[in-house]
Amino acid sequence: MSLEFELCPGRMIGGSNPCFIIAEIGQNHQGDIEIAKKMIKMVKDCGADCAKFQKSELEFKFNKRALERPYTSKNSWGKTYGEHKRHLEFSHEQYRELKKYAKEVGIFFTASGMDEKAVEFLHELDVPFFKVGSGDTNNFPYLEVTAKKNRPMVVSSGMQSMETMRRVYQTVKKHNQNFCILQCTSAYPLEAEDVNLRVITEYQKEFPDIPIGYSGNESGICITVGAVALGAKVVERHVTLDKTWKGSDHEASLLPEELAELVNSIRTVERALGTGIKQMLPCEKACHDKLGKSVVAKTDIPKGAALTIEMLDVKVAEPKGVPPEDIYQLVGKTVSADVAADDSITEELVESYGKKVKS
C-alpha cells in the first residue's frame, strides 16, 4: 500500500502531488454526444485533470420491473424509467469516440462503471482508472471483480458507515494496492451541515496508507476547497453547462466559471499549505526590518554593569539590537561600554552573549 501512486499515466496522486480534480459530466450531457464533447473541452479549459462519465449496461444494472415502471418526473426523457435511461446512455462506439476526443483535447477520460458488465467494457476501453460510485460501494462481489482487474480505483463512500468502509478497504486491498477513498454524502444538492468534512481526517486515521479525497454534491466551491485544506488528494464535482437543464444533477453541478474558480482556488490553497516548518521567511524580512522589536536600555547603564531585567525594555529600535526572545539571556551579563537610556542593546555591547540556536 502506498500514500501515493500513479492514477493516470504520468500523473501521481497522494503525497506532495497536486490534488487530482475530476469533473463529473455524468449524464449531464442530455444524451447528446456533441454536448458531451463540448463539456469535455470545457472541463479541460477550466483546468480539471479528468472528464468522467457514468456507464451502465441497463439490463445488468436494473431488473425488468425497474426499467418498466412509469417515470413521470419533470426530469424524464421517456414514459418509463427504461426509456429515460436509454436516452441518456451512450453506446460503446460513442464511448470510444468520446475517449478519442478527450485524448485529442488533452485530458484524462474515465467513467463510473455502474454494474459489472459496464466495468468489463471500461476495462476493454482501457480507461486509466475505475471510479466506484457510492451505489456500488457496499456491493462486495462488484468490488472484488473490479479490484482484480488491477487498475487504480477511486471509491466514493456516500450512504455507507465506517464499519462498511473498513470492509471495503480490506476487500479492495486484498486484490489491488492502488486505490483511494472519497468522503461523500449522497444528497443533491447537499446542505453544508450534511457534508461532514471531518470524516476526511477520520479516514486518514483509519486508512493511513492510502490517499483520501472528497466527492462533493453541494452548491458552490468553498466546501471542496476546505476539503483540500484538510488533505483531500482527489476531489470530484459534477459539472454542467446550464443548471436549468432537465436532470436532477444540474442543480448541484458547477458551471464553467465555477469550475475554473474551483481549480484556481485549489491550486492557491495548495501553495498556501506550505511545508509545515515554522520559521521566519524571506518575505517577512521587510516587515521585520521595519517593525521587529529589539532590547533597549530602560535607564542609563554604565560600562561594566551587570544587567538586570529592570534595566531592559523592548521597543522598535534603530539600530537593531538583541531580539526580545533573548532578553532573559542578558540578565547577569555585563556591558562593555556605557549605554544611554533608550539606546539599543546590541550583541557587541554584551560580554559573553551567544545567540542561541533556534529549533
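The values are calculated or read from the model by the stated rules, or taken from the named source; none is laboratory data. Here the structure is a predicted model, which is why all the values come from computation and not from measurement. Every residue, glycine among them, receives a Cβ derived from its backbone with ideal geometry; neighbour counts consider all protein chains shown. The protein model used for the area step is the full one, side chains on, heavy atoms only, and it has no ligands, DNA or RNA in it. Shrake-Rupley method; radii C 1.70, N 1.55, O 1.52, S 1.80 Å.
Across segment 40-52, computed HN-Hα scalar couplings (Karplus, 6.51 cos²θ - 1.76 cosθ + 1.60, θ = phi - 60°) run 4, 5, 4, 5, 5, 5, 7, x, 5, 8, 8, 9, 10 Hz from first to last residue, x flagging Gly and Pro. How much of His87 can a 1.4 Å solvent probe reach, expressed as accessible area in Å² and rounded to 10? Counting only protein heavy atoms, the figure is 70 Å². Spacing of the modelled spin labels on Trp245 and Ala305, each 7 Å from Cα toward Cβ, amounts to 8.0 nm.
Mind giving me the FRET efficiency for Asp338 and Thr275? R0 is 35 Å, r the Cβ-Cβ distance, nearest 0.05 is fine. Efficiency, from the Cβ-Cβ distance: 0.20. Estimated at 0.36 nm per residue, the fully extended path between Glu34 and Lys315 surpasses their Cα-Cα distance by 94.3 nm. Any idea how far the Cα center of segment 208-272 sits from the one of segment 297-359, in Å? Cα centroid of segment 208-272 versus Cα centroid of segment 297-359: 54 Å apart. The Kirkwood hydrodynamic radius of segment 200-359, based on inverse pair distances between different Cα atoms, is 20.7 Å.
Cα-Cα pairs above 23 Å in segment 90-174: how many percent?
Roughly 25 percent, rounded to a whole number.
Treating the beta-carbon of each Lys and Arg as +1 and of each Asp and Glu as -1, no other charges, what is the dipole magnitude of segment 152-240 about its Cα centre, to the nearest 20 debye? The partial results should precede the final answer.
Working: 8 positive and 9 negative charges, 85 e Å.
I would put it at about 400 debye.
Highest mean first, the peptides 315-326, 152-163 sorted by other C-beta atoms within 10 Å per residue fall in the order 152-163, 315-326.
Take every DSSP beta bridge with both residues inside the chain and express the antiparallel ones as a percent of the total, to the nearest 5. In the chain, DSSP labels about 30 percent of beta bridges as antiparallel.
In a fully extended conformation the segment linking Ser73 and Lys293 would gain 72.3 nm over its present Cα-Cα distance, using 0.36 nm per residue. The relative contact order of the chain comes to 14 percent, based on Cα pairs under 8 Å that sit 6 or more residues apart.
Where the only charges are on Cβ atoms (+1 Lys, Arg; -1 Asp, Glu), what is the dipole of the chain about its Cα centre, to the nearest 20 debye?
For the chain, the charge dipole is close to 1120 debye.
Across the options Val269, Thr299, Met280, the greatest Cα extent toward the positive end of the charge dipole of segment 240-299 (unit charges at beta carbon of Lys, Arg, Asp, Glu) belongs to Thr299.
Report the one residue of Cys19, Ala111, Thr146 whose Cα lies farthest in the direction of the positive end of the charge dipole of the chain (charges on C-beta: Lys and Arg +1, Asp and Glu -1; origin at the Cα centre). Farthest towards the positive end: Thr146. Using C-alpha pairs under 8 Å with a sequence gap of at least 6, the mean separation divided by the residue count of segment 52-118 gives a relative contact order of 48 percent. Ignoring lysines fewer than eight residues from Lys285 along the same chain, the ones with Cα atoms less than 27 angstrom from its Cα are Lys293, Lys298, Lys315, Lys320, Lys355, Lys356, Lys358. Magnitude of the charge dipole for segment 64-194, about its Cα centre and with charges confined to Cβ atoms of Lys, Arg (+1) and Asp, Glu (-1), is about 280 debye.
Annotation: amide H-H contacts under 5 Å for Phe108 (H modelled 1.01 Å from N, sequence separation of 5 or more, or interchain): Ala51.
Using only the C-alpha atoms, the convex hull of the chain corresponds to 179 Å³ per residue.
Distance from a point 7 Å along Cα→Cβ of Lys205 to each backbone N in segment 234-274: keep the residues under 11 Å and list them by number. Correct set: none at all. Rounded to the nearest 0.05, the FRET efficiency derived from the C-beta distance between His175 and His92 at R0 = 25 Å is 0.45.
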